Amino acid sequence: MSNTILEMRSITKTFPGVKALSDVNLDVREAEIHAIVGENGAGKSTLMKVLSGVYPDGSYDGEIVYKGEVQHFKSIRDSEHKGIVIIHQELALVPLLSIAENIFLGNEQARNGVIDWDETRDGARKLLGMVGLTEDPDTLVTNIGVGKQQLVEIAKALSKEVKLLILDEPTASLSEKDSAALLDLLMEFRRQGITSILISHKLNEISKVADRITVIRDGRSIETLNKEEISEDRIITLMVGRSLDDRYPPREPNIGDVVFEVKDWSVYHPLHRERQVIKNISINIRKGEVVGIAGLMGSGRTEFAMSVFGKSYGQKISGEVFLNGKKIDTATVEKAVANGLAYATEDRKTYGLNLIDHIKHNTTLANLGGISRAGVIDDMTEMDVANDYRKKTNIRSSSVYQITGNLSGGNQQKVVLSKWLFSNPDVLILDEPTRGIDVGAKYEIYTIINQLAAQGKAVLVISSEMPELLGITDRVYVMNEGRIVGEMPTSDASQEKIMRAIVRAEGKAS
Ligand SMILES: Nc1ncnc2c1ncn2[C@@H]1O[C@H](COP(=O)(O)OP(=O)(O)OP(=O)(O)O)[C@@H](O)[C@H]1O
Ligand SMILES: [Mg+2]
């Protein structure tokens, strides 16, 4: 039997109006990968913030016993001193600093008060090697992909001599390849005796690497499963409190004429003028149709969508956009919205939400006309609308007056969706709509997508989860390196066919 390294006993944590955790128990053994799963808002991140001192001693009830001693962490610094390092759901690197600077931020390698840059670089290089990165330590963080940023965060954790590593949804925005690399790294850490706590909504990954799983529901610890008890169905049942027979709602499409069309769309990189990012893309969506764009990370799907939606990405943009056969102007976000487009982005922090405002205002932000009378916002109508969408998308919050910045990650995503649903668009573009969303809520979002299509809207879904695309769309385009390299009815599509289209295109390109 391995030793217990951590015990959280009867943890209770309340926020004004919300009991986020009640009597939660967690025990973690030395050198295991312990997964925590639960629905959006179940309390996973909060529990880890209690553990790491983000919520200091005294702000919660219960006891943390780490390495046999009761701990009273007053800050994150205290827990780090004991080797507990948390990597948060939203990455916390400083984009315009170098990799090396980020790794040693707050822990500068100084001699006589002067930063020793050689040592900083050497140290960084060594740590990068441990996580499998060969990047130059002087590279700015903004110039590397999210997958690598995640690894830099881990390298940073290693610089603090981590004993217990906490990862809050580390693979949510990683490609399959990067996720696999990260999980391999956790398994390597396990061999070295480092303990990991892993929070994730990707149940297949968890089933693969976790030694044990603790399920949290509605702020309570429900059960801890041992390796041999782990199955996706079992986890879902414990998470949701009932079994889910099907991951995707049934779909009976009723497809009409072409509603939305983009013709010959080309875009150049915002900084590198000569680099063409989107290459002569043409797509269409019919009335009532749900169309997907499949492709690997970096294939240009988001850049394409953003450039169409108000030229929010790129420069030297050319091409035409048509709605119901009429050419429309989408040159600014305002024009795109006025002409019937909506784009729910994958990056809710930067583009999706006003985090310091509450749910009610965020919900109506893209359609103030819909809640105004004679140009004046009607508070009651706004309240009704916000409550209605909160119910429809099942947002877990104390009320519509909760500040969106205080919502759990998945619930923030639902507010973004509500906002665009209420804008009542003809064409709804959803970019990674279920990233970080739990299995139950995913089903609800798919149902909403079906309803929108049934109302005759055109829906475009960008998703890196191929099973999801295959489960909810009528037709898929395959994109690679800025081009459409394949198109097929979903009834005829499979993961292999999509991958084959990508590989074939890569063969041609090189
Ligand atoms: N600072 C805060 N102020 C008020 N309420 C909060 C705050 N932080 C979290 N909550 C609430 O506590 C509950 C638990 O949130 P938490 O972020 O721990 O969920 P989670 O399990 O991590 O969900 P997700 O999977 O969506 O990330 C939610 O109802 C959330 O709205
Ligand atoms: Mg969370």
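The values are calculated or read from the model by the stated rules, or taken from the named source; none is laboratory data. Owing to the predicted nature of the structure, the values given are computational and were not obtained by experimental measurement. All Cβ positions, even for glycine, are placed from backbone atoms using ideal geometry, and neighbour counts span all protein chains on display. We work out accessible area using only protein heavy atoms, side chains counted, and drop any ligands, DNA or RNA first. Shrake-Rupley method; radii C 1.70, N 1.55, O 1.52, S 1.80 Å.
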So for the range 54-173, what percent of the C-alpha to C-alpha distances run longer than 24 Å?
-> 32
Taking H placed 1.01 Å from N in the peptide plane, check which residues at least 5 places from D136 or on another chain put their amide H under 5 Å from its amide H.
-> none
Under a 1.4 Å probe, what is the accessible area of the chain per residue, stated in Å²?
-> 44
Restricting to aspartates and glutamates and to Cα separations under 16 Å from K160, and discarding same-chain partners fewer than 8 apart, the set is D78, E80, E101, E108, E119, D122
Go through K44/K335; K177/K419; K177/K335; K227/K414; K327/K419; K316/K497 and tell me which ones have a Cα-Cα distance over 30 Å in this structure.
-> K44/K335; K177/K419; K177/K335; K227/K414; K316/K497
Would you mind classifying the range 342-458 by shape? Square roots of the alpha carbon gyration tensor eigenvalues, ordered a ≥ b ≥ c; an a/c under 1.5 is rounded, otherwise it is prolate if a/b is larger than b/c and oblate if not.
-> oblate
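I want the local charge near A493. Using Cβ-Cβ distances under 13 Å, sum +1 for each Lys or Arg and -1 for each Asp or Glu among the other residues. Working shown, then result.
On the way: positive: R475, K497, R500; negative: E468, D474, E487, D492, E496.
Net charge in that neighbourhood comes out at -2.
Sum up the charges of everything whose Cβ sits under 12 Å from the Cβ of E481, counting Lys and Arg as +1 and Asp and Glu as -1, but leave E481 out.
Values: positive: R275, K279, R301, R483, K508; negative: E303, E506.
In short, +3.
Charges only on Cβ, +1 for Lys and Arg, -1 for Asp and Glu: so what's the dipole of the chain about the Cα centre, in debye to the nearest 20? Working shown, then result.
Values: 62 positive and 71 negative charges, 134 e Å.
Dipole size: approximately 640 debye.
Using a Förster distance of 41 Å, how high is the FRET efficiency between Q455 and V146, based on the Cβ-Cβ distance and rounded to 0.05? Mind showing how you got there, number by number?
On the way: r = 34 Å, r/R0 = 0.84.
For R0 = 41 Å, the calculated efficiency reads 0.75.
Contour minus end-to-end for A338 and R275, with contour as 0.36 nm per residue of separation and end-to-end as the Cα-Cα distance? Can you show the working numbers first?
Details: separation 63, 0.36 × 63 = 22.68 nm, distance 3.07 nm.
The span from A338 to R275 would gain 19.6 nm if fully extended.
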In terms of modelled amide H atoms, which long-range or inter-chain residues lie less than 5 Å from the amide H of R29?
-> I5
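Using a 1.4 Å probe on the protein chains only, how many percent of the accessible area of the range 353-445 belongs to carbon and sulfur?
Ligands and nucleic acids excluded, carbon and sulfur give 52 percent.
When only C-alpha pairs under 8 Å and at least 6 residues apart count, what is the relative contact order of the range 4-240, in percent? Walk me through the numbers before you get to the answer.
On the way: 451 pairs, mean separation 65.6, N = 237.
Dividing the mean separation by the residue count of the range 4-240 yields 28 percent.
Sort 250-256, 182-188 by packing, meaning the average of other beta carbons within 10 Å per residue, with the highest value first. Don't jump to the answer; show the numbers that get you there.
Working: 250-256: 11.9, 182-188: 17.0.
Highest mean packing first, the order is 182-188, 250-256.
Could you check how much of the accessible area of the range 134-215 is carbon and sulfur, as a whole percent, using a 1.4 Å probe? Provide the component values of the computation, followed by the final result.
On the way: 1350 of 2960 Å².
Ligands and nucleic acids excluded, carbon and sulfur give 46 percent.
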In whole Å, what is the distance between the alpha-carbon centres of the range 69-148 and the range 468-507?
-> 38
Note: probe point = Cα of R504 + 7 Å toward Cβ; backbone nitrogen < 18 Å; residues of the range 272-295 passing the test are 282, 293-295
Can you tell which of G507, P253, T214 lies farthest toward the positive end of the dipole of the chain, using +1 and -1 charges on the Cβ of basic and acidic side chains (Lys, Arg; Asp, Glu)?
-> P253
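Output the peptides 21-28, 146-153 sorted from most to least packed, where packing is the average of other Cβ atoms within 10 Å over each peptide's residues.
Details: 21-28: 19.6, 146-153: 21.9.
Highest-to-lowest ranking by the protection proxy: 146-153, 21-28.
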Calculated from DSSP H runs of 4 or more alone, at -39500 (n - 2.57) each and per residue, what is the 222 nm mean residue ellipticity of the chain, nearest 500?
-> -9500 deg cm²/dmol
Which whole-percent values make up P(r) of the chain when all C-alpha to C-alpha distances are grouped in 10 Å steps starting at zero?
-> 4, 17, 27, 27, 18, 7, 1, 0
